[in-house]
Structures are given as C-alpha cells and as structure tokens.
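Engineer: If you scroll down you'll find the structure; I have some questions about it.
Only the coordinates and a few stated rules stand behind these numbers; no lab work does. Only a predicted model underlies this, so the values are computations on that prediction, with no experimental measurement involved. Cβ sites come from the backbone with ideal geometry, for glycine too, and all protein chains shown count toward neighbours.
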Protein chains: 4
Amino acid sequence: MPDIATIVREIAEEMAAAPDRGQVATYIPPLAAVSPRRFGMAVIEADGTAHLAGDAEAPFSIQSVSKVFALTLALGKVGDQLWQRVGREPSGSAFNSIVQLETESGIPRNPFINAGAIVVADMLLAGHAPREAIGEILRFVRALAGDDTIFIDEAVARAEQETGYRNAALANYMHAFGNLAHPIERTLGVYFHQCALAMSCRQLALAGRYLMARGRNPDTGFSIVSPQRARRINALMMTCGHYDGSGEFAYRVGLPGKSGVGGGILAVAPGKASIAVWSPGLNERGNSLLGTLALERLVQRTGWSVFDPGADLGR
Amino acid sequence: MPDIATIVREIAEEMAAAPDRGQVATYIPPLAAVSPRRFGMAVIEADGTAHLAGDAEAPFSIQSVSKVFALTLALGKVGDQLWQRVGREPSGSAFNSIVQLETESGIPRNPFINAGAIVVADMLLAGHAPREAIGEILRFVRALAGDDTIFIDEAVARAEQETGYRNAALANYMHAFGNLAHPIERTLGVYFHQCALAMSCRQLALAGRYLMARGRNPDTGFSIVSPQRARRINALMMTCGHYDGSGEFAYRVGLPGKSGVGGGILAVAPGKASIAVWSPGLNERGNSLLGTLALERLVQRTGWSVFDPGADLGR
Amino acid sequence: MPDIATIVREIAEEMAAAPDRGQVATYIPPLAAVSPRRFGMAVIEADGTAHLAGDAEAPFSIQSVSKVFALTLALGKVGDQLWQRVGREPSGSAFNSIVQLETESGIPRNPFINAGAIVVADMLLAGHAPREAIGEILRFVRALAGDDTIFIDEAVARAEQETGYRNAALANYMHAFGNLAHPIERTLGVYFHQCALAMSCRQLALAGRYLMARGRNPDTGFSIVSPQRARRINALMMTCGHYDGSGEFAYRVGLPGKSGVGGGILAVAPGKASIAVWSPGLNERGNSLLGTLALERLVQRTGWSVFDPGADLGR
Amino acid sequence: MPDIATIVREIAEEMAAAPDRGQVATYIPPLAAVSPRRFGMAVIEADGTAHLAGDAEAPFSIQSVSKVFALTLALGKVGDQLWQRVGREPSGSAFNSIVQLETESGIPRNPFINAGAIVVADMLLAGHAPREAIGEILRFVRALAGDDTIFIDEAVARAEQETGYRNAALANYMHAFGNLAHPIERTLGVYFHQCALAMSCRQLALAGRYLMARGRNPDTGFSIVSPQRARRINALMMTCGHYDGSGEFAYRVGLPGKSGVGGGILAVAPGKASIAVWSPGLNERGNSLLGTLALERLVQRTGWSVFDPGADLGR
C-alpha cells in the first residue's frame, strides 16, 4: 500500500481533473456563488498526522455536517432522553420531507434529517437565549478543533432565514405535535446559525477526531463523550448520515459520514482517521459528488472501510 | 477482557434467565410451535475457533437470513446488473410494505426486504426449473458451512406458500411493472423454499464466515466473492438488514447483521468473527428480541463493534 | 331550449369533428384495436323516449362501468353489511392504487376503484361457482336493459386475466388482510368477466334507467332497489365514479357517473334521463375524453346538472 | 308529506333528545366552552319562507364554512385562474393533512381543505392590507345575508393565531413551493379572521341562498355569481365539503354541504332551500354529528336529495 500522504495527494489530483462535478446548491446566494472547481481534503490520522490537499484550508459552509456536533452537545445536555423526541432510523426519504412526520406524530426519524436537527436545536435552547445557544455550539466546535478562528457566516444564516419556508413548515408542524418547546423563530434561529458554521476541511477533520478516538479529544485527552456514545453516533452517521443516499454511501464508502448541502462531508475511520472532504457540486441525492468519490477511493486504497478486516487478516 | 468462551457462556446464561422473551411469529404453524424458551448462540472466530452455547446445534427456520446467501449467489450470476432491478437504500418501512413499490415503479428499495428478495429469487431462476434453483441455493449454503446435513423444511415451505398472500401481492405488483421475469408461482416457489432453510446457529455462523474473511471460505481458501463485494454485502446488512429496525440494530449492536422471522440473526464482525444467534421471540419490529440483546452484550464485552477502534487504540 | 333530440344530434356532430380524441387504452390488445374515431351517445328520457347518435348501437367493452351493476347486485345479496368490507369515500388516488390498502387494513376506499370492485366480486361468488356468479351478473344486466343479446367478450376476459398482475396484487393483498373469502383466481375470474361485458350505448343507458327512476325498472315497474338505495348509488357515482378525476367530473358535468377504461360512461340525471356515452380515447385520468366533453355539453344545454335548480326556478 | 315547518320542528325536537352528541372541538378555548346541548336549524325556502328551530338565532363560529364564501369572493377576483393554484379533487385525507402537498408540488387538492383555503385567503390579500381583505370578506357575507350584525369574533381569531402551528406549517410549506404570494403571517391573518366569523343558523342560511338560486341574491335579484359558477361551487361542496367524510355525507344526505369545526354545516338544495344547522359535537371525521343527522332526516322527509328525482317523478 502506498503511504497515506501519497494516496491523499493523488486523489486530490484526480478530483481536480474530474469532468463531472455535480450541481452546486442554489437556494441561497452565498452557496450558489461557490465555484464547482473547489476541492479540498484533510485526513487526520489517529496519531495526529495530518494530510491536507487541494482547498483543505478554505472555509466553507458546513451546513448539515453541523448536525453531528449539535447532536453530541445535546446528548451531553439531556442524555438518552433525547431519543424520546427523535428516532434513530433511516428515513427512506429526502432531507426535508414532511410526510413521515404526519404518520409518526411529529417525531422525526433521526437527528440528521432537517426535522430531527431542528428538535435537537430546540433542546440546545433550553434555558438559554438563542444567542447563548449559538455561542455554545460555536465554542464547542472551536474546542473540538482547537481553533478559535472558526466562525459563523452571518450572511449565510440570514439567507437561510429568509428562504427557510420548508424548515419553518417542519418546525411549525412539530410544534403542533408538541415536539418543540420554544417559539419557532428562536429554534430556527439556532438551527440556521448552526448550519452557517464556516470551517475548512482541516478544521472539520480536527473537530471530528473524537469520533475516531473512542470519544476523546486527542489534543487534551479529555473525554468528549463516552466510548459507547462515540460508537453510537458513528452508527447513526452510517445509517442516516446521507439522507436517502445513506445506503449508497455505506455501500460505496463504508465509513460513518455526514454530508452537508455546502458540499462538505465528515467521515470517520474508527481508530484510524478523521476525514473531511469538500467539493460544492452535489449528486442527485444532495450529497457532494466528488467528496463521495474521493472518500470511496481513499477507502479502496487504505482498506479503512469498517466492513473490511484490513490489516487484522493480512491482505 | 474475559476470553470469548466465557463471554459467550455468560451471555447464554443471561438469556436463559431473561423474563421478557418477545412474541413468537404465528403466521404459520411450524413457526408458532417453537418454544420461546429456546436460545442458541455460535461464535466462529477468524482462526476457526468455535464457541457454542445453548441451543446452538438445534436447527431452526432461518427465513430472511437466507436473503444474504441468495443475494451473494445472484451477484455471482448476474453481477452488478442486479442493481438495476433492486435498490440499496434502507426502506424506512416494514419488511412486507408495498407502498414504496408504487411510487418507485416496482423497484424494491433493497434486497433484504421481501420484495427485493423476491426479485433476487427471480434472478436465480433464470435458465432453471424452480427445483434446480432451489437445489443450487441449498448446495451453496451447504458448501459455505461445509455441512451437507443442512436441509429445507418442506412443511415450512408449504405453509409459507399457503399463506403467502402478501408476498404474492408483492410479486404480482412487481410483475405488473415488468420487474419479474418468470411466472409468479415459480419465483415464489424458489423464494418460499429458500426461506424454509433449516440451520443451526453453528451451521449459520459457519456459512457466514466469508463475510468476515474478505470473501474467502476459510476451510478451503477459495474466494466466494471478492473482498470488495464482501464489504458491500456487509454494508447492506448494516443499513438494511433489520427492516425498519436497522438503525436501532446499528445503534445498539454496531455489526452488519441480518435477521429472520424465525428468530435467527447472522452478524459479522469483519476480521474477527461470524456470529449466529437464535431465539424465536420477536420485538415489535419483527427481529429476535433476545438475539439482539445477546449481540449487544457480546459487542459490549468484546469491543467488536465496527464503530469501535478496538485494540488498535488500546482500551 | 332546443329539444333533446336536436341537442344530442348536435353534440354527436361536434364530437365527430373534435381533433383531440385522447389516448386509447393499450394494456390489452382488444382495447388497443378500437379506433379513436368512434363516438356513440344514447339518452333515454324518464318517459322512455330514446335519443341515439353516432355509434350508439355498437357494442364496446364497458369495463369499470360494470362496477355499478355488480354493486347493485351485491347490495341486494348482502345488504348494508357490504360496507364492512368496502368504504364509501373518494380515494384521492388512481384506479389501481395499492397504497391506501396498506394503511387502511385492506379495506378499499370505495366499490368503484379496482380493489373495491374485487371485494364486491368476491361477495357475488358466495355460495356459487365462478361460472354461476358470472351468469348472474350477465342475467341481471340483460334484465335491466331488457335485451338478451348483451354478452361477455371472452377474448377481453382472457386478455385481462393474462395481464392482470396489478389486480392480482390487489386481490392477494386484500386476502392477506382477510378481506377476500374465496381463492384469488376465482374472485378475479368473476371480476375479469364482469369487466368484459360488451354493451352498446343504447343497452347501457337502458340498463341504467333504475338509477334515474327511484330504483324501478320502467319497463316492468318492478323495483330493482329501494329509492334510498338508488339515491345512495348515485351519490357514490358522484363522489367516486371517476377515480381521481371524480371531483373534476362533478365540477364540469354535475351528474352521477361511472367511467370505464374502454371509453364508456354511464351518467344519471335523476328523474330526467339515463345517459351513456362512448369514445375510446381517454384523458390523463383514464376517463373518456370526448365522453366527458359530450356530457358536459349535454348538461349545459339541458340544465340537467343535479346542482342546478333547472325548471323549478325558471331560467 | 308533512309541511316543511313541521319537519323542521320535529327534527329539532329529535336532536334535542339525542343522547350521543359527539365531541366538541377543544383546540381553542372559545370552541371548547360551547355546550354540546346546543342545536339550531334554519331552512330558507326558495320563495324566502324561513323555518327556524332550536338555537337558530344564536351566533356560533362558522370556521370552515367560511371557505365557501371566501372561494366565491376569490373566484370573482381572479376567475378560473384560481384553479392553477388549487385543485378540485377530494383529498382522501384529513382537513389539515400536509402529505399530499409534498407529492403534488404544494398545490392543495381543493379549496375546502385548510391548505386550499389558505391559498384562497392569499388571493384575497392581493393589493390589500390584511385588514382590508378581512373587511371585504365581512362585507360580502353581510351583504349575502342582508344582515350587518354579522361579526368576526376577535377572541376566536386570536386563539386560532396562537395555536395555529399546523396551519402555519401548511402555509410555510406552500410558500416553499411558491404557492403563496404574501408573507405567511398576513395570509394566515386573513385566514384566521375569516374562520372566526360568527353567524347564526338563520344568517348562514340566508348567506347561502345564492347557491340554491342559480347565483342570484333573492333579496336584490343581483347576480353574485353566474349560474354555472353556482353549480360548480355546489359540485365542490358535494365532493370536497366534508374532508375525508365527504363521500359519507353525499351518501347519507345527498346535498352539497360545507362543515366547520365549530359544528356548523351549510347545505344547499338547489332550487328548493338553503339550510344551516349547528350542533357543536363532532363525529370522528370532524363534522357535526347531530348536524349531519338532522340534514339526513330533513332530506329523507322532504325528498330534497339531489340524487332523488323528487316531485318530477311523483312519489
């Protein structure tokens, strides 16, 4: 096997040359303005070795990738009671579907579809003003990445708020079932700001290290979550992290991952690496086209799939 | 960590004492007649060491667990063209739901729900009489397990056929969309016989070894499927192996697994072990209640979750 | 107002000249072979005066129009207990949708969608061989029309049977819920033969007279159904007679009516006329394009809409 | 046949004695506070003769009955272009279902479910402040009834606004599809005020006279809508006026009607009478239990069903 550094460099070169780059999201101007030529990749190994390639240092809108951090934070606050208000099954439908809510009494299928993430945001609000809850998320992500330059892009947050009718529909609908505890605009305020987090691939991969490392922050050695909870968050990313493309991602890549409409994906190779890729063009399921392809190749070349015995069995 | 033998023995003792044992399936008499007291477990490690406990040698109706073997066989026959007729996404609905077929033009969501497995059975029929296709499946499973005593329970197959209106509905519906190539009764004949395979936990765990071993049969060293295909079948088991309880199984157990209504579950710890459990009482999603619990405890005590770095990181 | 004879003649002339004639059904050869140029119309007034135009004497496949006669017969056999196995609400979906059955425990929404009509056919079988039940339907329709030349087109019945996978899916599905009492192939045998009734517009309008005449056969004076039941069948035709185009038909035509995929429509102007139209080209909802247009014009020119006070208020 | 006055008086007596009175709506306090003992009935014959019984003079919250007047007004404003934004088919689902909107691109099935009525309210806003649009509706209803004491119950409007999360979900959802032209809170402001119209049975029956009278206001002789439009509004009431109980209402009553959650129903016997009933207890579909029963008896005793030839054929 070539070394990781070579693999990452080669993949980035292949992605730079890829002709089909998918469709950039256009529902808000700040996303529509991003060039489909961008591609970044950051791999942080378990020992801390970092491999960066392409636009790995360029901040982008992490969007739904933030749902992983928000869930982690909310589980810390309310514990497994969280699961009384959100399910943990794949939804079998699109990220913003409202149909399932009607037949299942306003309980979203999982915390990684929009409806579920809005409930999680509502939990983060408990006892807080929206500004404080947003600040808490930002501080958490900065601490995970060990980088205080991570910021929330207010232009993105504002644009989301202005066009977020479908999310407002989800929020109102769940409120009708009693599954939101705060005024809609506050809960959505937290949600839209969380989605507007701007991070580079390097920052994102750093922030995701606790998920490969049994819940610990390798910098500090402090436990972010228990090993069991880290496993479980990984399991949720595996089954639900890519909306109605989650099965496909598991099939092709075989790592827990969470995608965002900005083109970012955070993927976790437990015990081996935390990985972030970014390319703004999306496939027909709304997940990064080249990001997925880059991860597929990385796993093929490293043997990091969780479904592969890897070095344990020889190769 | 205690050794695997001890862990398996202790879990079997715990399960024997469990008060809540779920509901045994009653839709056909041969299943309804099985005692909820039964519990068996077989763990075959990568090196071939076998740990058996409880009713590990008692044959039971593997039912939908057979879908894993049928899929493997069909992939060998038709290759990735199989995916033009079956999807690979979690369905978000029950094992025998027909709703999704209507909106998705008769293409089942994945090969592990009934509709998908019926299409796979239809592929195994190509160029064969039903009797031959059934024989081929039986020979395949016997070869995987290295055990020629595995048999098809004709009483079960007949009972399935007599009461299989819902599967007949699925088959007719898919035929209406052109997604079955053979007469309904032939395709269902293959499907019902495949579901009627009777195997013990030991036999089932033996048959599943290729999925932990990069596609090879450890007895013979021969490749059953390529390493990539083994990974992918594992991925499908992870996201789709337990119907609308797949997310929950991934969350609690964290292994690729496939359950059957007879109470059996085959689970795979890549590079570590092939595992079969059996207890006929089901939970509300139709998956073995104690089987799932036993696997959850096994993984907790061995660290075999695919989402856990395990020994790689120290513990 | 011009007299009815003139109105009927003019409408037939207009329809003969209509450029857009819809799409002829092609799922079975006997239907696909019919020319879209055909148009027939028969209006039988309450006093027995008959107005025929175009191909009013040509027999065509009445298909789902037969559901009205089968329902009438079944109500006579089992009475209002029928409604324990079939609903009476518009389905909001296509004629052959299976989705609603899953969420409503195998009870079809109404007797005029395929699933509902199959349950009705199953009721007609009670205590009979299929041949007898079919004979009973044929005798009933012949008696209603006072015409023993009405026949069942065996070629159509056979073609339906050979391609009826979707209806077989519906039947099997309802059997799984316990909502069919006979073997699938018998129930479908009755259903397919009933749909294969061949009648001319004249015969169809004659057969429908009891629905405009408080349940009595004007020829004989005998009561076919009670006045209340005649009203209620009319109500069902109004709300459910044109599948997911029923609202549109009520809006445009304003008469109780039942359409068939062969291009026929039976419509009832209570107290005024029984009307049959036929033109094989269908609109996008599967209802006769020119048949609907002809009825719309007839009602505009006669004031026969049930939503119009008509002569009672002066005009 | 006894005279209408006697029939109305007797029905009111029967309803006063009815033991099962249904469940009063409780989602807002002003509705929950109404006694289930209330029952009122007003029948205005075509010649203007009025028959009042029970609480016929007591104002109640007409709620969704207002959708008939709002639709009439909107059709006058925008004409048949209205149908580009709202369908005219029965929905087959509950009054506040959101599922259908997802699969049909935000176009509500008909103007009498909540989603459709919200779009109609949005049309009434065009070029107006909410206050003006509300004033226009109020003036219209007052003019129809010839009674300037009709008012909007501000306490009801406020309560609707405070608890209207599900309607807000519908509105946001349709806005996401581009099917609302104004800010959500304005459109809902109009909608909630329209639903808060308080009218007595007498006033409601007076306001509905144009629908039995070919579109004319009998007081003034002025045309409110064309005869064709009156027929069509009646047709919509018949197929869609009682949500997923519309088929049942047509079956049992056989008149165009529109119900409201306050327990009121407006029904139209074309050419014969405009009828309003009120009893706050609802059946399981959300329609007035005794109101429906009273109408059923009225029609049985008068022969006013539109599906009955009535006097035209002798009786």
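Engineer: Calculate the mean, over all residues of peptide D:213-222, of how many other protein chain Cβ atoms lie within 10 angstrom of the residue's Cβ. Numbers along the way, then the final one.
Structural biologist: On the way: counts 2, 8, 0, 1, 0, 1, 0, 0, 0, 0.
The per-residue average across the peptide is 1.
Engineer: What does the charge add up to near D:Ser223, with Lys and Arg as +1, Asp and Glu as -1, over the other residues with Cβ less than 10 Å from its Cβ?
Structural biologist: Numbers: positive: D:Arg214, D:Arg216, D:Arg229; negative: none.
Counting the neighbours of D:Ser223, the net charge comes to +3.
Engineer: Follow-up question, since we're still on this one. Inside 10 Å of the C-beta atoms of A:83-89, what's the mean count of C-beta atoms belonging to other chains? Write out the running numbers ahead of the final one.
Structural biologist: On the way: counts 1, 0, 0, 0, 3, 5, 14.
For peptide A:83-89, the averaged partner shielding equals 3.
Engineer: What residues of the range C:64-96 lie in the reach of a label at C:Ala181, counting those whose backbone N is under 14 Å from a point 7 Å from the Cα along Cα→Cβ?
Structural biologist: Backbone N within reach: C:74-86.
Engineer: Follow-up. Near the axis that takes chain C to chain A, which C residue has its beta carbon closest, and at how many Å?
Structural biologist: Spelled out, residue of C and its Cβ distance from the axis onto A: C:Thr103, 4.
Engineer: For a bin width of 10 Å, list the pair-distance distribution of the range B:244-311 built from all Cα-Cα distances, rounded to whole %.
Structural biologist: With a bin width of 10 Å, the distribution comes to 23, 58, 17, 1.
Engineer: What is the order of A:Met237, D:Met1, fewest Cβ neighbours within 10 Å to most?
Structural biologist: Details: A:Met237 29, D:Met1 10.
If I rank by nearby Cβ atoms, fewest first, I get D:Met1, A:Met237.
Engineer: Compute the relative contact order of the range C:64-197 as a whole-number percentage, counting only Cα pairs closer than 8 Å that sit 6 or more residues apart in sequence.
Structural biologist: Numbers: 170 pairs, mean separation 43.4, N = 134.
Relative contact order comes out at 32 percent.
Engineer: Between B:Glu13 and the same site in the other copies, what are the distances in nm, shortest first, taking label points 7 Å from Cα along the C-beta direction?
Structural biologist: From this label point to the equivalent ones elsewhere in the assembly: 6.0, 8.2, 9.9 nm.
Engineer: Restricting everything to alpha-carbon atoms, can you work out Rg to Rh for the range A:64-197 with a Kirkwood hydrodynamic radius?
Structural biologist: 0.94
Engineer: Can you find, among B:Val253, B:Gln228, B:Ser279, the residue farthest towards the positive end of the dipole of the range B:209-315? Put +1 on the C-beta of Lys and Arg, -1 on that of Asp and Glu.
Structural biologist: Sorting the options by dipole projection puts first B:Gln228.
Engineer: Compute the separation of the alpha-carbon centres of the range D:63-131 and the range D:255-275 and state it in Å as a whole number.
Structural biologist: Cα centroid to Cα centroid, the span is 19 Å.
Engineer: So, one more: Given the rule -39500 (n - 2.57) for each run of at least 4 DSSP H residues, summed and divided by the residues of chain D, what is its mean residue ellipticity at 222 nm, to the nearest 500 deg cm²/dmol? Show your work: numbers first, answer last.
Structural biologist: Values: 14 runs with 144 residues, N = 315.
Theoretical 222 nm ellipticity from helices: -13500 deg cm²/dmol.
Engineer: Normalised by the residues of chain C, what does the relative contact order come to in percent, with Cα pairs under 8 Å and at least six apart? If you can, show how the numbers build up before the last one.
Structural biologist: On the way: 648 pairs, mean separation 81.5, N = 315.
Reported as a whole number, the value is 26 percent.
Engineer: Using a label point 7 angstrom from Cα along Cα-to-C-beta, what distances in nm, from shortest up, separate C:Arg37 from the other copies?
Structural biologist: 6.3, 7.5, 8.1
Engineer: Sticking with this one: If you bin the C-alpha pair distances of chain D every 20 Å from 0, what whole percents do you get?
Structural biologist: 36, 59, 5
Engineer: A follow-up question, please. Take the Cα coordinates of the range D:67-139, assign each an equal point scatterer, and use the Debye formula without solvent to give log10 I(q)/I(0) at q = 0.19 Å⁻¹.
Structural biologist: Reported log10 I(q)/I(0), two decimals: -0.73.
Engineer: Moving on to the next point. Using the beta-carbon distance between B:Ser223 and C:Thr149 and R0 = 60 Å, what value does 1/(1 + (r/R0)^6) give for FRET efficiency, to the nearest 0.05?
Structural biologist: On the way: r = 71 Å, r/R0 = 1.18.
Calculated value: 0.25.
Engineer: If you don't mind, there's one more thing I want to ask. Starting from the Cα of C:Thr163, step 7 Å along the direction of its Cβ; do the same at A:Thr26; then give the gap between the two resulting points in nm.
Structural biologist: 4.1 nm
Engineer: Going highest first, how would you order D:121-129, B:186-194, D:54-62 by mean Cβ packing within 10 Å?
Structural biologist: Numbers: D:121-129: 19.3, B:186-194: 25.1, D:54-62: 23.3.
Most protected by this proxy first, the peptides run B:186-194, D:54-62, D:121-129.
Engineer: Here's another thing I want to ask about it. Would you please state the base-10 log of I(q)/I(0) at q = 0.13, 0.15, 0.18 1/Å for the range B:118-251, with intensities from the Debye formula using one equal scatterer on every alpha carbon?
Structural biologist: -0.67, -0.89, -1.21
Engineer: Using the Kirkwood formula on the Cα atoms of the range B:1-91, what hydrodynamic radius do you get, in angstrom to one decimal? Kindly include the intermediate steps, with their values, before the conclusion.
Structural biologist: Values: mean 1/r = 0.0605 Å⁻¹.
For the range B:1-91, inverting the mean 1/r across all distinct Cα pairs yields 16.5 Å.
Engineer: Follow-up. Treating the point 7 Å from Cα along Cα-beta-carbon as the label, what are the nm separations from D:Phe177 to the other copies, to one decimal?
Structural biologist: Result for D:Phe177, in nm, nearest copy first: 2.0, 2.2, 2.6.
Engineer: Oh, and also: Between C:Glu45 and A:Lys77, what is the label-to-label distance in nm when each label sits 7 Å out along the Cα-to-Cβ direction?
Structural biologist: 7.8 nm
Engineer: What's the average, rounded to a whole number, of partner chain beta-carbon atoms within 10 Å of each residue's beta-carbon in C:229-235? If you can, show how the numbers build up before the last one.
Structural biologist: Working: counts 0, 3, 13, 6, 2, 7, 13.
Mean inter-chain Cβ contacts per residue within 10 Å come to 6.
Engineer: Turning to a different aspect of this structure: Exposure proxy check: D:Ile28, B:Ile4 ranked by fewest other beta carbons within 10 Å?
Structural biologist: Details: D:Ile28 21, B:Ile4 18.
Neighbour counts put them in this order, fewest first: B:Ile4, D:Ile28.
Engineer: Quick one: B:Tyr165, A:Tyr210, fewest Cβ neighbours within 10 Å first, how do they rank?
Structural biologist: On the way: B:Tyr165 19, A:Tyr210 23.
The order, fewest Cβ neighbours first, is B:Tyr165, A:Tyr210.
Engineer: Follow-up question, since we're still on this one. Find the relative contact order for the range A:40-136 and round it to a whole percent, using C-alpha pairs within less than 8 Å whose residues are 6+ positions apart. Walk me through the intermediate numbers first.
Structural biologist: Details: 90 pairs, mean separation 22.0, N = 97.
Averaging sequence separation for qualifying contacts and normalising by length gives 23 percent for the range A:40-136.
Engineer: Additional query: Please report, to two decimal places, log10 I(q)/I(0) for the range B:155-211 at q = 0.12, 0.30 Å⁻¹ as given by the Debye formula with identical point scatterers on the Cα atoms and no solvent.
Structural biologist: Log-scaled intensity ratios, in q order: -0.39, -1.13.
Engineer: Rg and Dmax in Å for the protein assembly as shown, alpha carbons only: what are they?
Structural biologist: When restricted to Cα atoms, the protein assembly as shown yields Rg and Dmax of 33.5, 98 Å.
Engineer: May I have the pair-distance distribution P(r) for the range B:197-315, computed from all Cα-Cα distances with 5 Å bins from 0 and rounded to whole percent?
Structural biologist: Computed distribution, short to long bins: 2, 13, 22, 24, 20, 13, 5, 1, 0.
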